[in-house]
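The values are calculated or read from the model by the stated rules, or taken from the named source; none is laboratory data. Computed from a predicted model, the values in this text were never measured in an experiment. So basically every Cβ, Gly included, is an ideal-geometry build from the backbone, and we count neighbours across all protein chains shown. Each accessible area value is taken on the protein alone, full model and side chains, heavy atoms only, with ligands, DNA and RNA left out. Shrake-Rupley method; radii C 1.70, N 1.55, O 1.52, S 1.80 Å.
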Amino acid sequence: MAGCVSRVELSVSCRSLLDRDLGSSSDPLCVLLQDMGGGQWAELDRTERIKNCQNPEFCKKLIVDYYFEKVQKLKFGMYDIDNKSFDLSDDDYLGGIECTLGQVVSSSVFTRPLELKQGKPAGKGTITISAEEIKDTRVVFLEIEARNLDKKDFLGKSDPFLEFYKQNDAGTWQLAYRSEVIKNNLNPCWRKFSVPLQTFCGGDFNKSIKVQCADHDSDGSHDLIGIFETTLAQLQKAGDGSPVEFECIHPEKKQKKKSYKNSGIIRIKSCKIETEYSFLDYVMGGCQINFTVGVDFTGSNGDPKSPDSLHYISPDGINEYLIAIWSVGSVVQDYDTDKLFPAFGFGAQVPPSWQVSHEFALNFNPSNPFCQGIQGIVDAYRQILPQIQLYGPTNFSPIINHVARFAAHSAQQGTASQYFILLIITDGEITDLDQTRQAIVNASKLPMSIIIVGVGEADFKAMEFLDGDNGVLKSLTGEPAARDIVQFVPFRQFKNAPREALSQMVLAEVPKQLVSYYKWQGWPPVKPPAIKMM
């Protein structure tokens, strides 16, 4: 993290995308990938999907950490999304580009033709990317409703949505936020939303903001209801029961009709500005990251003495378990001052009773399971291996609940002082899926994240299910996770990649997860930073 100069937000729009849908236009989404080395690309971010649109202007900004000293190779990929799955392999590719972040940052507007593969253009499709450094960490929260909007649909009323545009230095308008659509309603009340101040108005309270209200049509040909211009300074007058009102004006109707008043009234019910803290704000403000390791010692790993076992230590002293501990641990240990890490095994018969245990200390000391540094975990693992009998079943929930107890105790203090990361390394055959789902849903309300690294060649369907990328993970009773806290990575994808690639991929979600927990609780850093303004 140390070398990160700043964060950059990228705005993406496209023109003349290929049309892959019969009878309607494509439903595009843009995904941003970064080159991790060794031919590995990791997803950094993705935009929303826009239905039936060949010239999309995406509302969601793509956020990238900018390292001046690194060549950061990026790939922007456009996909036509026709299903609900998170995975893009079953969606039509509409073209993409490869470039470096340096190229984008050094051009005020970066436009390139889209290619299906190198040298093969994607029709006449182009992509335009503009970058802006995030200097202001404040966020604006707005509550908005409207009344008496014009009726635009022949059979129904209107399906209104709002778009906010900020004015760039060049005088052009750039989309900052698009609301949800409210169906068949001329007096809509949109849900409360937030936009970073930088995105909304560049942090300038007097910069013009254009607000456009339109009637949504499923074929992408939205009808304008009306527009007005304002500034954040004006919007800020709303609140405490006194809304600010604006007339929504349709320019053509105003010109044609003398008696024209307006096309409805937009009411700003409240406008509040709050500071948004970053991962570094919390860490530098005194948040300790506690790292715990759980190692799978079940029989499906194979006899550790046999070279085809996942626990077999090769002549050069390593196996996939050890590489995973080193790669992840070496990054996390920098954020933990005492460098004492509890390490556990599960799924083996342990002496002296030879009972199967699902949370035994790797150092055989249950009252003090801490290992000194990452090397301490590695040493304890090597020593215990010949002393235990690999067995089963593969139960994750005991070790998740074990760490959750510590996280719950820490959360009772009501401060952003301790965050817990549990690394589980497994060969993937999970037995207690239902109990594990419940344990993760419970843990999602606590200051903790779970990283699962799958070793070996097993089918990791259950792990991918726990990751929750395809939708919110729910417990057996249907209770949804409060936030996404599980990151699953199959080790085999990184066999030939540099070691840093695994840790980058595995830890990419942790800063977001930590910030999302403290934001949810409304807890600032223990020592908040001096207010960062432009």
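For the reader, a short list of remarks on this structure follows.
- Apart from one condition, V8 fits all of (1) under 26 Å from G220 (Cβ atoms); (2) surrounded by 14 or more Cβ atoms within 10 Å (Cβ to Cβ); (3) among the hydrophobic types (A, V, I, L, M, F, W, C); the exception is (1).
- M463 satisfies every condition listed in (1) touching a residue at least 40 places away in the same chain (Cβ under 8 Å); (2) assigned to a helix (DSSP H, G or I); (3) of a type in the set (A, V, I, L, M) except (1).
- Candidate set from the stretch 275-301 (those that are part of a strand (DSSP E or B) and among the aliphatic types (A, V, I, L, M)); member that is modelled with the lowest pLDDT: I289
- So S449, is it crowded, with 18+ Cβ neighbours inside 10 Å, modelled with pLDDT of 95 or more, part of a strand (DSSP E or B) and in the same structural domain as I325 (by the TED database): yes
- Hey, E276 acidic (D, E) and either open to solvent by 70 Å² or more (accessible area, probe 1.4 Å) or on the phi > 0 side of the Ramachandran plot (or both) or not: no
- Filter result (basic (K, R), at pLDDT 95 or above and either open to solvent by less than 40 Å² (accessible area, probe 1.4 Å) or within 27 Å of L114 (Cβ to Cβ) (or both)) within the stretch 124-147: K124
- If only residues of the stretch 174-201 that are in a strand (DSSP E or B) and surrounded by fewer than 16 Cβ atoms within 10 Å (Cβ to Cβ) are counted, the one that is modelled with the highest pLDDT is C189.
- Members of the stretch 52-72 found to be part of a strand (DSSP E or B) and either among the aromatic types (F, W, Y) or at positive phi (or both), listed by number: Y66
- Against the test of being in contact (Cβ under 8 Å) with a residue 12 or more places away in the chain, within 17 Å of the chain's Cα centre (by Cα) and crowded, with 16+ Cβ neighbours inside 10 Å, the options E43, E48 yield a single qualifying residue, E43.
- Just one of the listed residues (P480, P529) is open to solvent by less than 50 Å² (accessible area, probe 1.4 Å) and either farther than 18 Å from L423 by Cα or not aromatic (F, W, Y) (or both), namely P529.
- Cβ-Cβ contacts under 6 Å between residues 6 or more apart (or on different chains), taken from a first residue in the stretch 406-417 that is part of a helix (DSSP H, G or I) to a second residue that is of a type outside the set (A, V, I, L, M, F, W, C) and surrounded by 16 or more Cβ atoms within 10 Å (Cβ to Cβ), are listed as A407/P447; S410/Q418; A411/P447.
- Any hit, the stretch 202-222, residues being assigned to a loop (DSSP other than H, G, I, E, B), of a type in the set (F, W, Y) and surrounded by fewer than 19 Cβ atoms within 10 Å (Cβ to Cβ): yes
- Candidates D316, D308, D303, D379: the one that is open to solvent by 10 Å² or more (accessible area, probe 1.4 Å), within 36 Å of the chain's Cα centre (by Cα), of a type in the set (D, E, K, R) and more than 30 Å from Y517 (Cβ to Cβ) is D379.
- Residue count, the stretch 14-40 (criterion: open to solvent by 30 Å² or more (accessible area, probe 1.4 Å), of a type in the set (S, T, Y) and within 21 Å of E115 (Cβ to Cβ)): 1
- Restricting attention to the stretch 412-438, the residues that are buried (at least 20 other Cβ atoms within 10 Å of the Cβ), under 25 Å from the mean Cα position of the chain (by Cα) and on the phi < 0 side of the Ramachandran plot total 11.
- Residues satisfying the stated conditions in the stretch 382-403, i.e. open to solvent by 10 Å² or more (accessible area, probe 1.4 Å) and either among the β-branched types (V, I, T) or touching a strand residue (DSSP E or B) at 6+ places or on another chain (Cβ under 9 Å) (or both): Q387, I388, Q389, L390, Y391, G392, P393, N395, P398, H402
- Residue satisfying all of: in the stretch 439-481; more than 28 Å from Q413 (Cα to Cα) and among the charged types (D, E, K, R); nearest to the chain's Cα centre (by Cα) among these: D469
- Qualifying residue in the stretch 466-482 (condition: assigned to a helix (DSSP H, G or I) and touching a strand residue (DSSP E or B) at 6+ places or on another chain (Cβ under 8 Å)): yes
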